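Here's the structure, in structure tokens; my notes come after.
What follows draws every value from the coordinates through simple rules; no lab data is involved. Since the model is a prediction, treat every value here as computed from it, not as a measurement. Cβ placement follows ideal geometry from the backbone for every residue including glycine, while neighbour counts extend to all protein chains displayed.
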Amino acid sequence: MSEKKGLYGIWLVVLGIAILIGLYTALKIFIQGHGLFNTNDVIIWSLPLGVYIFLALTSSGLTLLAGVPLVLMVKKYEPFAKRLVFLAIATLLGAFVAIGLELGSVENMFWILFSPNFSSPIWWMGFIYSVELLVLIVKFWRMHKGDWHSGFSNALGVISFLLALIAPLMIGSVFGITESRVTYFGSMMSVYSLVLGLLSGTALFLLYSTIFHRVTGNGAVERQTPLYNEFTVIFAYVAGIAVVLSLVKFAIESASTVPEFLVYHKFEHAFGAWQGFHFEVLLGLFLPFVLLLIPSVRKSMGGKAVTSALILVGTLMMHMEILLAGQSHPVGPKAEQYPAFISYFPSIWEWLVFVFALAVMLLLYTLGERYLKLAEAPQ
Amino acid sequence: MPRYAMVIDLQRCVGCGACSIACRNENNVPEGIYWSNKITETVGTFPNVRYHYIPTLCNHCEYAPCVRGCPTKAMHKLDNGITMHDPKKCIGCKYCEFNCPYGVIYFNWKEPHQFWKNNKVLFKGGTSSPREEVEKVGAEKTPYFNPERGATLPANRPKGVVEKCTFCDHRVSKGLLPTCVEACPANARIFGDIKDPDSDVAKLLGKFRPFRLREQLGTNPHIFYIRDFNPAQYRPTKGGI
């Protein structure tokens, strides 16, 4: 028992240090600007934005999963609902840390709400995620007070579910309406974002649950094994959809002679692609999908943990790969200043933004688990 | 209300870069940023090669992707067709830069004009430091600071916002031509109201077959290119097998 208390203390100290480093990073970025990032006028959006996309979509995925018991009324999953809603809130706050530092100013995040351009997908994305955060917090508060299924509480559940459906489509359309960058253009990006959000959300929940129960050692997992196994089947289905979409995407890319798509064959950087192979997809999506097809892997806690961890890392890398591949060559006269292809590796400050966002998220998970009775369900 | 456009005559343009230099001075453009720029291209295989030079600037598109995508309306259209940017509303999301098909929007990644804050002198007692030069002329940030730019836009834009060509809206509003047009020694840039059939711009567009950059995207750019400089002759031939 005292050993666990000791580990808990160490964990809190580690998170505290990470957050202090994150606050220093934020101050440094606010004062010195984005010159601290390894970005330029070709690679415009980098790791902090990739982290934002990954965490925001994961939060949407968690909210959609929470909708299974809270909106679709599949009561047997109610023991997961409160934790799912809380994880969605904490993950979204982590995403806001990343986007706040990508913008370089917290006040900028608020200004976006007060000078709206309704034709801008970025405005809609910011607005929807802000409203979703508020709705999720109120919904969680109602659940915490024992009000799971009043009319008001149900309405909050439905609204958050709908927002979580729309928000990934808006993230996709930020890229999808960019006519000038053909690798992004089209509705495929929105569908892909939604599927990857559901995939990483499911992965995060499974990984979190297995680690949490392993660390705390309570017997809840054993009691709820059939429910976790069913969740793993949902996980395998979503991974299957992501595999199909990825194969379609690769088929188009490899058949195309459009120069921008050829970047995928040439581009080499730290986010998985090497020698023309997309290892982030092979190891972060295809491999765990194949593993999930094996019943014994699907049913074991170790199998759940390994496949969900692979998919979490894989989806982050896939977001980065997509983000960078569309920006890897200079547009128009910028080719006069920059080489034909540009590679990218994050600066220390960009990594620290990532660490800050993760630390905020993990600290919230830790405190929520300790004080907010996340395993509660209605009688 | 006029609708401003520019015709660039590629036969007259000699690629001297006077437009770009004048633009930098007029608009206090920081290092690494180009409101007025160029696309150069060398085609063919030696010794049969040719060099092409296309001056570029903001296309002031009718359906500007940067305006459509800007979340805060910092990038907006004026009634005269000029695509304008308001740094006070800009949140630094860079979506306009990401979305622009022409690569003419730049971001201030650092505090602009940092070079001129430098205190180092080349020869002690002989030359001035960059900072001293700025102080001696009593300018803001650079010795070539143009305060007139500040009429419609912060004369020096801060870090964390984008910037781009405004067709010299501060000059146009006073009845003056954009400075790049004024500075061109070959009269290769012709500026005016495309809606006025008597304007030089409208006449030239009726006389020559213009092309525009990435026209297929449907943005309706308002920079038109006419003619091409090519004095080369060749002996009439039908080729051969």
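Worth a mention:
- Dipole magnitude (debye, nearest 20) for chain A, charges at Cβ of Lys, Arg, Asp, Glu: 1240 debye
- Under 5 Å, built H, 5+ apart or other chain: amide partners of B:Gly103: none
- Exposure proxy for B:Cys70, B:Cys58: other Cβ atoms within 10 Å of each Cβ, ordered fewest to most, give B:Cys58, B:Cys70.
- Pairs of lysine residues in the range B:35-113 - Cα separation under 15 Å, sequence separation of 8 or more or cross-chain: 5
- For the pair the range B:2-28 / the range A:155-201, the C-alpha centres are spaced 41 Å from each other.
- DSSP bridge analysis restricted to chain B gives an antiparallel fraction near 85%, rounded to the nearest 5.
- From phi via Karplus (6.51, -1.76, 1.60), per-residue ³J(HN,Hα) for the range B:169-178 in Hz, x at Gly/Pro: 4, 5, 7, 4, 5, 9, x, 9, 7, x
- Charge tally in the Cβ shell below 15 Å around A:Thr39, where Lys, Arg are +1 and Asp, Glu are -1, A:Thr39 excluded: 0
- Proximal charge balance of A:Leu374 [Cβ under 9 Å; K/R count +1, D/E count -1]: +1
- For the range A:119-196, alpha-carbon Rg and Dmax in angstrom: 15.4, 51
- Residues B:Asp79, B:Asp193, arranged from fewest to most other Cβ atoms within 10 angstrom of their Cβ, appear as B:Asp79, B:Asp193.
- Ranked B:Ile82, A:Ile342, A:Ile171, criterion: other C-beta atoms within 10 Å, fewest first: A:Ile342, B:Ile82, A:Ile171
- For trypsin sites (Lys or Arg not before Pro), the sites in the range B:112-220 that DSSP calls loop and that have at most 13 other Cβ atoms within 10 Å are B:Lys120, B:Lys124, B:Lys174.
- With Cα atoms defining each centre, the range A:51-86 and the range B:188-241 are spaced 57 Å apart in the structure.
- Per residue of peptide A:173-180, the mean number of Cβ atoms on other chains within 10 Å of the residue Cβ is 5.
- The residue among A:Val71, A:Gly284, A:Leu113 whose Cα reaches farthest toward the positive pole of the charge dipole of chain A, with charges on the beta-carbon of Lys, Arg, Asp and Glu, is A:Val71.
- Of all DSSP bridge pairs formed entirely within the protein assembly as shown, close to 85 percent run antiparallel.
- Counting 0.36 nm for each residue step from A:Ile294 to A:Thr257 and taking away their Cα separation leaves a gain of 9.5 nm.
- Inter-chain Cβ neighbour average for residues A:39-46, partner chain, 10 Å: 4
- Proximal aspartates and glutamates relative to A:Lys4, as straight alpha-carbon distance under 20 Å, when same-chain residues fewer than 8 apart are discounted: A:Glu369
- Environment charge of A:Ile171, counting only residues whose C-beta is closer than 15 Å and scoring Lys/Arg +1, Asp/Glu -1: -2
- Between B:Ala64 and any residue 5 or more places off or on another chain, the built amide H atoms are never under 5 Å apart.
- The range B:66-159: translational diffusion in µm²/s, Stokes-Einstein, Kirkwood Rh over Cα pairs, 25 °C, 0.890 mPa s: 158 µm²/s
- Between 0 and 90 degrees, the angle of helix A:301-325 with respect to the longest Cα principal axis of chain A falls at about 30 degrees.
- Label-to-label distance for A:Leu27 and A:Leu227 is 4.4 nm, based on points extended 7 Å past Cα in the beta-carbon direction.
- Of the trypsin sites (Lys or Arg not before Pro) in the range A:99-201, those whose Cβ has at most 11 other Cβ within 10 Å and which sit in DSSP loop: A:Lys145
- Sparsely packed chymotrypsin sites (Phe, Trp or Tyr not before Pro) within the range B:53-127, loop by DSSP, other Cβ within 10 Å at most 11: B:Phe123
- Each Cα pair under 8 Å and six or more residues apart adds its separation to the average, and for chain B the resulting relative contact order is 31 percent.
- Dipole magnitude (debye, nearest 20) for the range B:4-226, charges at Cβ of Lys, Arg, Asp, Glu: 480 debye
- Karplus (6.51, -1.76, 1.60) ³J(HN,Hα), θ = phi - 60°, over the range B:71-83, in Hz, Gly and Pro reported as x: x, 10, 6, 5, 8, 8, 9, 8, 4, 8, x, 6, 8
- Translational diffusion of the protein assembly as shown was estimated from the Stokes-Einstein equation, with Rh taken as the Kirkwood radius over Cα pairs; at 20 °C and 1.002 mPa s the coefficient is 79 µm²/s.
- Built amide H within the under 5 Å cut-off of B:Thr56, gap 5+: B:Asn37, B:Lys38, B:Ile39
- Among the residues of A:14-21, the average count of other protein chain beta-carbon atoms within 10 Å of the residue beta-carbon is 0.
- Unsatisfied cross-links (Cα-Cα over 27 Å) in the set A:Lys76/A:Lys304; A:Lys28/B:Lys124; A:Lys28/B:Lys120: A:Lys28/B:Lys124
- Two numbers describe the Cα atoms of chain B: Rg and Dmax, which are 20.3, 73 Å.
- The range B:92-107 and the range A:12-34 have Cα centres lying 28 Å from one another.
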